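Input: a single structure, listed below in structure tokens.
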Amino acid sequence: MSTNNVHTDPTAIGAMEEAASHEHLKVQPDGSVVGYKASRTLRIRVELARQLRRRRTQLMLGLLVLLPVVLVIAFQIGQSNPNRRQGTFVDLAVASAPNFVVFALFVSGTFLLPMIVAIFFGDTIASEASWSSLKYLLAMPIPRHRLIAQKAITSGILSLFALLLLPSVSLLIGVIWYGAGEAVSPTGDAVSFGDGVTAIYAATIYIAINLLWVAALALFLSVSTDAPLGAVGGTVLVAIVSQILDQITALEDLRNYLPTHYAFAWSDLISTDIDWSEMTRGAFSAVCFAAFFGFLAVRKFTRKDITS
Amino acid sequence: MSKTRLRWLALTLAAVIVAAGVLIWVNSGSDGPTIATENRLVSSGDAQLDTTLYLPEQTPAPAVLVAHGFGGSKESVDADARELAQRGFVALAWTARGFGRSTGQIALNAPDAEVADVSRLIDELAKRPEVQKDGTDPKVGITGGSYGGAISLLAAGYDKRIDALAPVITYNDLGQALIPNSAATTGQQLPNTPSANAFAAQGVFKRSWAGVFFAAGMGGASFANPSVDASEPGSDDNSNQLAAQDPAAAAAGGTQGGPPPGGRGAVQPNGPCGRFTPQVCAAYTELATTGKASQATVDLLRSVSPVSVTDRITQPTMVVQGEQDTLFGLDQSDATARQITAAGGKVKVVWYAGGHDGGKPGPGLRAKIADWFDFHLRGRGADPGTDFEYAVQGAIRAQGAPSVRTMTAAGYPGLSGSATERRPITLAGPQQTIVNPPGGNPGSITSMPGLGSVVAGSSRLASRLAVDIPGQVARWRSEPLTGQLLVSGSSTIRMRVEPVPGVPVPPDGVVLFAKLYDVAGDGTRTLPASAVSPLRVTQLPADVTVTLPGIVRPIEADHRIEVAVTTTDQAYAVPAQPAAVTVSLTDTALQVPVVPGTRSTQTPPMFALVGIGVVIGLVIVVAIVAAIRRRRADDVDPALTDVPLVIENLAKEYPGGLKAVDGLSFRVEKGQVLGLLGPNGAGKTTSLRMLMGLIQPTEGSIRVFGHKVHAGAPVLSRIGSFVEGSGFLPHLSGEANLRLYWAATGRPLEHAHFDEAIEIAGLGHAVRRKVKTYSQGMRQRLAIAQAMLGFPDMLVLDEPTNGLDPPQIHQMREVLKRYAATGRTVLVSSHLLAEVEQACTHVVVMHRGKLVAAGEVADIAAVGGEATFRVDQPDQAASVLGGLAGVTGIEVDGRQVHANLDGTPRAKALGALVAAGVAVEQAGPRRRLEDAFLELVGENKA
């Protein structure tokens, strides 16, 4: 019997009939079968297992581990005079481990980090639609608001893990290569290693908050299309356009309303005396955009006809 | 992405770009309030002063006098005056006597000349109705940079009608600025302010700067004053470039070469002295030729310096000094602030990242000056207080311009509150002998006077270019610093200068230059602010306390501090006589001033904090409202709780008017295998999707076991479904897919019956392979197994036999039949009649969204004794059949004749037909369903 030419053993049908005729589950008052509870559907653990077993997730986390290594190799090849404390950001990067992390966050802040968040959030529902598995999840039934919430939480956990992975690996590699020195800010402020590490993780938290708008927009596009690439690409496109508009100084204060305007406000944390004003504005901006797109996403998903 | 979505995205992008363009255009058009100006010549003593009055939109308003720098004119402060007028002040700019179109001679702010001019201008202001007054006393402030800063202080000392002042980058004592001596003899107590200088007598002539200034007084004004803005926190390169193109700034620059029309030309009217008064000219000539100042010159310079009046200044004073200034260093403002504080004046000190080498105050600092006047002239705005602010330029440049942060301390140390904190840094180095070559040449290079006003950031460049000549320099170095040290002010070091035996000490004493280097780990030496402290020691051997230049410099960890003492400097007049001295430290501790401050920031914006709270609150409220709305009572019909499915008047209309389902009603009972039969596009799948809560019906209702179905209705847990293709995670095995599916339902594992389901799928070992390697049929069987997980009370299968081969189809029918036999219900859709006939007990026929027929398959299909004969002569056949006993219900339908044989064997009827000469092509049971179905799908019945 070849594996492709499969058939059901006649005894299996009998076994099924036998089992099914003895199994008659009771019904609960809400009409559901005993054992079903909406609040137990698609638990985070299950959804994480579903996502973590995807090659996409593994590749992305691997990329984040690899990036600091690539940076170090690039510095080793390109830099004959290490441990400089002056000059451009590249020179600043190899001054100490915290500076290396700051550099890694800076270079990935414009594109890589928004893209990672866009992938986790933009792909989550659109890919289920493209696999046709979405309808079976909804018919279990997982209530729609719960599905989108659980999906968003899982994507959030994965995104946060990815965001923390980059500075953590960078820090480890930075300590090995450049030592546990002071963090030096572009304004010449120096922060001790311990405070520098704290600042880096605080910066990561800020980045996570600031990228909420990316998450919400990606989620909205994810429920709007059955093409995962469309949702991810659309989100990244918006982020890039926002960054381009942010470069146009003639727009002046209007740039404050761009979602990416405060993307690098976390650099204020690398300081002996922390200025929270930009970060507060950045968090407010991100929360506003996130609430808006998040609302649209939930509203759209709970009302749409699933035809995939 | 779909086409429409792409179009939407493109449209949105286009809209954003258009909006951006419109906003740029609108922004560039805005110009702020209109300012009226009025040019007048005002007579003051023997001079005519060229003035411009700037009137704000709202008058009366307090007035602010805006003085220009040395070599400038009222045009060079046009932008500043305009800015103040836009802030609502009456601004008055004038050209000082001896410059531009103003007549008279330059007396360097002498009390009877330039200071009297200011009083004269205030007289004029007092006459203007636009100027706010207390009785007859006009509300007047005064500001200006450099030479204009000095006149601000002097005028405030002489004329009490001035209510507030803001002198910028100016001197306290011109004598000490041009002929400084930073050596305090032992025993002299230095003030405990951060940048106090010994200001000892008999200094060293600052030759190149003095020359630049003398030239400016002669009419060549190019280098005397900074024309570009200094860097500020948050400023970038563009702002500097924009400022450099400012017409007023350009006017202050090199455009004044020729004699201004109507004024007295730059061509000297009285010999080599240009437009200077004879006294000033004589003093300069003495300095420039001898390099030393006589007592008369010292007295003259002192009489025209703010130091002569600071003990009388009690008006609120904002002292602004530059950190990049080799002409008037931080020590000058330090002395001014100390003296005014002692006189009882309220003083706020600001050090900014500019100066004669670095640039004039940027927009942020200019706004602070305007705030100062706002509060002190008309009580508007918050009290600027007496905080001490200083700017810190980063040692590391992000992109081109150095980034700047501003630190704030509660007050200027030593004036209010405690004395300056000084941190000792131990220096190491032996006693060293240094030599002044004859003629003082070659000499060390440190600063490039005047260049700072031409090239933005030249001083930043210059600080790396400092050159010391070997043999002329003694050095002492610290160990690498363990942490960053922010030097803020003048460090002091104590040293001993001894004669070298056999080398005579010059009669004028020995001239030395002390400087503080920041030495990087790789040995790169940077001279912060290009600043040096000259000193002259006349009595050897001598123990002196040297005040190093006032700087603000973050010295990073791993860097060293180096103190160097040289015998020469190109910028100063160095004695021509050769000399040699040994220099050693009497105290190895360099006393570094540190001013602990907090970074000047706006407190976190309240609106943003509140806004975050409001948004989060709104989200919570919306979530709660949505949860409450979801909790609407479940819609149950108690009479139907035993009926698996009741569909009533169901309709679905898609946007665009397409009615996929229209008025569909049927009912399914327990134990039935119901076939939903219809051609493609009949609305079968749409109906099943509505049954699963995936699509919202436009009309009608679906009840499953009495519960109305909606998206996520709990009753859906009693349905197992397979609709329009399988949905598996392609990267997982079939088994993993089923297990994750069940895990996602959250139901107990023991309810799943995995083994039975997997056996039904019959995939063998393939169940452990990834789903993406499966054939269509394998996926189909796995999907049906998935639908059967947990043995749901109703199984809904859409085209379950698609892609299966005949034996598999046969097995599938068997599975469905026996599943229904356990008391459960199966709903199967198909477009194949045979399929439904063979697999189902009941059937519902749909076409174009409507119900066509419903009932038992047996009822509708081959029922009882009905038979159909295909013949050549239907009419004759009908009569033959009618002749047979018990045959009823004869119908002729084309070439077919239907009859109810009712017990008569079909063979007998056939025999009778053949006997009657009717040719029978075909004889069989009548298939009503097929008739109906074929008619629906429009197939030829032939």
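Just so it is clear, none of the values below were taken in a lab; they were calculated from the coordinates. Because the structure is predicted, anything quoted here is derived from the model rather than measured. Because the Cβ atoms are built from the backbone with ideal geometry, glycine has one as well, and the counts that use them run over all protein chains shown.
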Calculate the mean, over all residues of peptide B:681-691, of how many other protein chain Cβ atoms lie within 10 angstrom of the residue's Cβ. 1
Work out, step by step, the length gained on full extension between B:Asp902 and B:Ala923: first 0.36 nm times the residue separation, then minus their alpha carbon distance; give nm to one decimal. 6.0 nm
Let me confirm the definition first: pairs of Lys residues in segment B:638-856, 8 or more apart or on different chains, C-alpha distance under 29 Å. How many are there? 18
Shape of segment B:421-599 from its Cα gyration tensor (a ≥ b ≥ c, root eigenvalues): rounded if a/c is under 1.5, otherwise prolate when a/b > b/c, or oblate? oblate
Can you work out the FRET efficiency for the pair B:Asp859 and B:His810, with r the C-beta to C-beta distance and R0 = 25 Å, to the nearest 0.05? 0.55
For segment B:542-568 and segment A:93-127, what is the separation of their Cα centres, given in Å? 43
Could you tell me the distance between the Cα centroids of segment B:653-669 and segment B:325-350, to the nearest Å? 88
Taking Cα atoms only, Rg over Rh for segment B:669-741 with Rh from the Kirkwood formula is 1.01
Could you work out, residue by residue across B:727-737, how many beta carbons of other chains sit within 10 Å of that residue's beta carbon, and then give the average as an integer? 4
Size descriptor, Kirkwood hydrodynamic radius, that averages inverse alpha-carbon separations across segment B:638-856, Å: 17.6
Directionally averaged projected area (convex hull, Cα atoms, segment A:109-170), nm²: 4.7
Multiply the residue separation of B:Arg423 and B:Asp123 by 0.36 nm, subtract the distance between their alpha-carbon atoms, and state the gained length in nm to one decimal. 102.9 nm
If you scale each eigenvalue of the Cα gyration tensor by 5 and take the root, what three semi-axes come out for the protein assembly as shown, rounded to whole angstrom and sorted largest first? 95, 33, 23
Within the protein assembly as shown, cysteines having no neighbouring cysteine beta carbon under 4.7 Å are A:Cys288, B:Cys840
What average count of beta carbons from other chains do you get within 10 Å of the Cβ of residues in A:34-46? 5
Classify chain A as rounded, prolate or oblate, taking a ≥ b ≥ c as the square roots of the eigenvalues of its Cα gyration tensor: rounded when a/c is under 1.5, otherwise prolate if a/b is larger than b/c and oblate if not. prolate
Determine, from the Cβ-Cβ distance of A:Asn256 and A:Thr110 and an R0 of 22 Å, the FRET efficiency 1/(1 + (r/R0)^6), rounded to the nearest 0.05. 0.75
Using distinct alpha-carbon pairs, which all enter the 1/r mean, Kirkwood radius of segment B:563-619 in Å: 18.5
Fraction in percent of alpha-carbon pairs per bin - 10 Å, segment B:60-144: 19, 48, 30, 4
Counting only residues 5 or more apart in sequence or on a different chain, those whose built amide H sits under 5 Å from that of B:Val319 are B:Lys348, B:Val349, B:Val350
If one computes the Cα centroid of segment B:695-758 and of segment A:211-235, what distance in Å separates the two points? 26
Report the dimensions of segment B:577-655 along its three principal axes from the alpha-carbon atoms, largest first, rounded to Å. 120, 28, 26
Inter-label distance for A:Arg45 and B:Asp642, nm, one decimal - labels placed 7 Å from Cα along Cα-to-Cβ: 4.1
If the elastic network links every pair of Cα atoms under 10 Å, which of A:Thr57, A:Thr154, A:Thr235 fluctuates the most in the Gaussian network model of chain A? A:Thr57
Percent of all alpha-carbon pairs of segment A:110-247 at distances over 20 Å, whole number, is 55
Divide the volume of the convex hull of the Cα atoms of segment B:862-926 by its number of residues and quote the answer in cubic angstrom per residue. 67
Cα Rg, Dmax (largest Cα-Cα span) when computed across chain B, Å: 50.2, 162
Choose one answer from A:Gly181, A:Gly31, A:Gly109: the residue with the largest mean-square fluctuation in a GNM of chain A with alpha-carbon springs under 10 Å. A:Gly31
